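Each value in this text was obtained by applying a stated rule to the coordinates, not by laboratory testing. These numbers were taken from a predicted model, which means no experiment stands behind them. Because the Cβ atoms are built from the backbone with ideal geometry, glycine has one as well, and the counts that use them run over all protein chains shown.
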C-alpha cells in the first residue's frame with residue numbers, strides 16, 4: 001500500500017560554502033499510512049531538526065538528498081495540479097498562533113481563504129456557514145471570535161482557529177509543529193484534545209512535533225526521538241517512554257519535570273555538553289553520553305530493532321537486526337481505534 | 001508563609017509581602033494586575049508562584065524588586081525585607097538593597113547579558129557598584145572564579161563574551177551575577193523558560209544548590225506545575241491578579257482546595273498513565289473587565305450565587321493551607337465535581 005506521505009532517506013544541509021554547513025537532518029525516513037489514521041510524535045530538543053522536518057513534510061523546503069513522496073509521487077517533481085492536491089491533503093499548524101494571522105484582517109479571513117482557494121463552497125453564505133461550523137467544532141463561540149482581529153483574541157483562541165482551519169479543509173495529514181508550546185496549561189489540553197478528535201472522528205493523521213514528552217505520550221501512538229538531526233529511537237510510545245533504550249531518551253525522560261514532588265529529579269551525573277570538547281565522527285550523542293565507549297566515537301550506530309515495536313540507534317542495544325531507514329514504520333504499533341476512549345460531544 | 005501566629009516559635013520572615021497592589025493605567029481604566037497579594041517567606045524557603053499568562057506573576061516579581069515601570073504603578077502594600085519596607089525606601093537605600101539583599105534572575109536571562117562585555121566584567125560591575133572601595137584586580141578575579149565555580153562553570157568562562165556560551169551557560173552566568181553578593185532573597189522569573197528540559201534540570205539544580213548554600217529564600221515565578229513540583233516547598237496559585245491558594249507543594253498537588261487549582265492539575269499530562277486530556281473551559285478574564293465576585297466564577301463548576309456577588313478572601317482553612325473560595329469553611333475538602341460538569345469541562 002502506498003503511504004500517504006513518505007519521507008525517504010532525507011538529508012538536509014543548511015549553509016553553502018565549504019566550511020560553515022549545518023546538517024539539520026541525516027538519513028531520516030518515515031511515513032504516514034493512508035489506511036490507518038495515526039498520531040505520530042516527533043520529539044527532540046531545540047536543534048534536533050524537528051522543525052526542519054516539519055517544513056520539509058509540508059513542502060516548504062526541499063531535501064538536499066532524499067525524497068518526500070505524497071501518495072507515491074515525488075513532491076519536488078509535481079505538476080501544479082498534483083501540488084494542489086498535496087496541499088489539500090497535508091496541512092500545517094504552526095507554533096506561534098499570532099504569527100500566522102495577517103494582523104490587518106479579521107481572523108475569519110484565515111478560514112475563508114482556503115475555502116475559496118480550494119473551492120469548497122459555492123456561495124458566500126455557505127462560506128460563512130462553514131466558517132462558523134468549524135469554529136464551533138473546536139469549542140469556540142463564533143460570536144466571540146469571528147469578526148475580530150487576531151490581537152483581540154488570546155493565543156489559545158488563535159491556535160484553536162488554526163485547528164478549525166484544519167477541520168475545515170479536512171486534510172488527510174496535519175503536521176503540527178509545537179502547536180501548544182506557547183499556550184497556557186489549562187488550554188493546552190483543549191487544543192490537543194481537538195487534534196485527537198480530528199484524528200478519531202475525521203480519520204485525519206497527525207504528525208505531532210514537540211519537545212514535550214508528556215504531551216506526546218498522552219496523544220501519540222508512536223514516537224520518533226531525534227538528536228541533532230538523526231533518529232535515535234523510534235517505536236510505540238508505551239515502549240519508548242516506559243522503557244527507553246537509548247541513553248539520550250533516558251536522559252530526556254529523567255529530566256522531564258513531573259508534577260509530582262515525590263519523584264524529584266535525581267542528582268545523577270549528567271555529562272555536560274560544554275565539559276567535553278572531543279569531537280566525534282561516530283554517534284552524535286557520544287560527547288554527552290555517560291556510557292560512551294570507544295566505538296561510539298568512530299562509528300555511527302545503525303538503527304537496530306530491539307523489540308517488536310521499537311528500534312534504537314545505540315551500540316548498547318545493537319544485537320537486534322539492523323533496520324533499514326525505510327523500514328522504520330515496521331516498529332510502529334498499529335492504531336488501537338477500538339479501545340480508544342470515546343470523547344464527549346462538543347458543547 | 002503562614003500568617004504570624006504569636007504562640008508558635010518561628011524564624012523571622014526574611015520577606016514579607018502585605019497587600020501588594022500593582023495597577024496598569026490603560027485607556028479603559030485600571031487593570032488590576034496584582035490586587036492585594038500577601039505572603040511571607042522564611043530564610044531557605046522556596047516559594048513557587050504559578051499562574052497563566054496575564055495572572056500577574058511577572059508583575060509581582062518586578063514589584064518585589066521595585067522595578068515596575070509605567071504604565072504600571074505600585075499603588076499599595078508593603079514589601080518588607082528583613083522588616084524594612086522596600087517600597088518606602090529612598091532611592092539610595094534601594095540601590096544598596098538590590099543585588100545585595102534581594103536579587104533578580106530575570107525572564108529570558110540569556111538576553112539580559114551585555115553582548116559586548118566579558119562575563120567577568122559583568123559580574124564585577126555589580127560587585128563594584130556595592131563596594132566602591134578599591135579592590136586589587138587579583139582579588140576580584142579570584143572572586144569571579146569562585147562565583148563561577150559555585151554555579152558549575154569553569155573559570156575560563158570569565159574571559160568569554162555571551163555569544164561564546166550556550167544557553168545553559170549564559171543562564172548560569174546570570175545566576176552567578178545574581179548571587180554575587182550573597183542575597184537573602186532571590187527572585188527567579190521563569191529562569192528556564194527558553195531552555196531544553198535537560199539544561200533546565202541542570203540550571204534548576206544549580207539554583208537550588210546555590211540557594212541552599214546561601215540559606216536564601218527563593219521566589220520562583222513560572223507557569224509549569226512540573227517545575228514547581230520539582231523545586232518549590234510552597235506553591236502559591238495566582239489567578240487574575242490574586243493568590244487563590246497557597247500551600248505545601250505536595251498537599252497542594254494531591255489535595256487541591258481551590259477549584260482552579262484542581263482543574264489546572266487535572267489538565268496536566270503525565271508520563272505514567274494515558275488519560276483523557278481535560279482543559280479548563282472558558283478563558284481567564286481580562287483585567288479591565290473583571291467579573292463581579294470571584295474572578296474564577298464564570299469557569300468554575302462549583303459556582304453558586306455568592307460567588308457572583310462577593311469576592312472570597314484568602315484565609316487559612318488548615319494550618320499551612322490558605323484558600324480564597326466560598327466553599328470553605330463549610331467543606332473540609334474540595335467536593336467531587338458534579339458529573340455533568342466534568343463532561344462539560346472535557347475536551348470540547
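Which parts of segment B:156-177 would a label at residue B:116 reach, counting a residue when its backbone N lies under 20 Å from a point 7 Å out along Cα-to-Cβ? Residues B:159-165 fall inside that zone. What is the protein assembly as shown by shape, rounded, prolate or oblate, if you read a ≥ b ≥ c off the alpha carbon gyration tensor as root eigenvalues and call it rounded for a/c under 1.5, prolate for a/b larger than b/c, and oblate otherwise? Oblate is the answer for the protein assembly as shown, as a/c is 1.5 or above yet b/c matches or exceeds a/b. Take the Cβ atoms of residue A:298 and residue B:305, set R0 to 60 Å, and the FRET efficiency comes out at 0.25.
Here the relative contact order of segment B:15-255, from alpha carbon pairs under 8 Å that lie six or more residues apart, stands at 30 percent. Each of B:21, A:245 has some number of other Cβ atoms within 10 Å of its Cβ, and from fewest to most they run B:21, A:245. For segment A:82-179, the relative contact order is 51 percent, taking Cα pairs closer than 8 Å that sit 6 or more residues apart in sequence and dividing their mean separation by the residue count. Rounded to the nearest 5, the antiparallel percentage of DSSP beta bridges internal to the protein assembly as shown is 60%. For chain A, relative contact order (Cα pairs under 8 Å, six or more residues apart, normalised by length) works out to 19 percent.
Taking other C-beta atoms within 10 Å as the exposure proxy, B:117, B:89 rank B:117, B:89 from fewest upward.
Taking Cα atoms only, the orientation of helix A:108-117 departs from the longest principal axis of chain A by about 90 degrees.
Relative to the longest principal axis of the Cα atoms of chain A, helix A:80-89 runs at roughly 80 degrees. Site pair residue A:307 and residue B:84 shows an inter-label distance of 6.0 nm when each label is modelled 7 Å from Cα along Cα→Cβ. Note on residue A:20/residue B:160: beta-carbon distance plugged into 1/(1 + (r/R0)^6) with R0 of 22 Å gives a FRET efficiency of 0.60. Computed from Cα atoms, the angle from the helix B:137-150 axis to the main principal axis of chain B rounds to 30 degrees.
Histogrammed with a bin width of 20 Å, the alpha carbon distances of chain B distribute as 29, 55, 15, 1 percent, first bin at zero.
Taken residue by residue and averaged, Cβ atoms of other chains lying within 10 Å of the Cβ of A:178-191 number 6.
Shielding value for B:192-205 is 5, the average number of Cβ atoms from other chains within 10 Å of each residue's Cβ. Taking each residue as 0.36 nm, the span from residue B:140 to residue B:53 lengthens on full extension beyond its C-alpha to C-alpha distance by 27.3 nm.
Note on the protein assembly as shown: helix-only mean residue ellipticity at 222 nm, from DSSP H runs of 4+ residues weighted -39500 (n - 2.57) and normalised by residue number, equals -8500 deg cm²/dmol.
Across peptide B:278-291, the mean count of Cβ atoms from other chains lying within 10 Å of each residue's own Cβ comes to 3.
Mind sorting A:212, A:20 by how few other Cβ atoms lie within 10 Å of their own Cβ, fewest first? In order of increasing Cβ crowding within 10 Å: A:20, A:212. Modelled spin labels at residue B:95 and residue A:250, positioned 7 Å past Cα toward Cβ, are 5.4 nm from each other.
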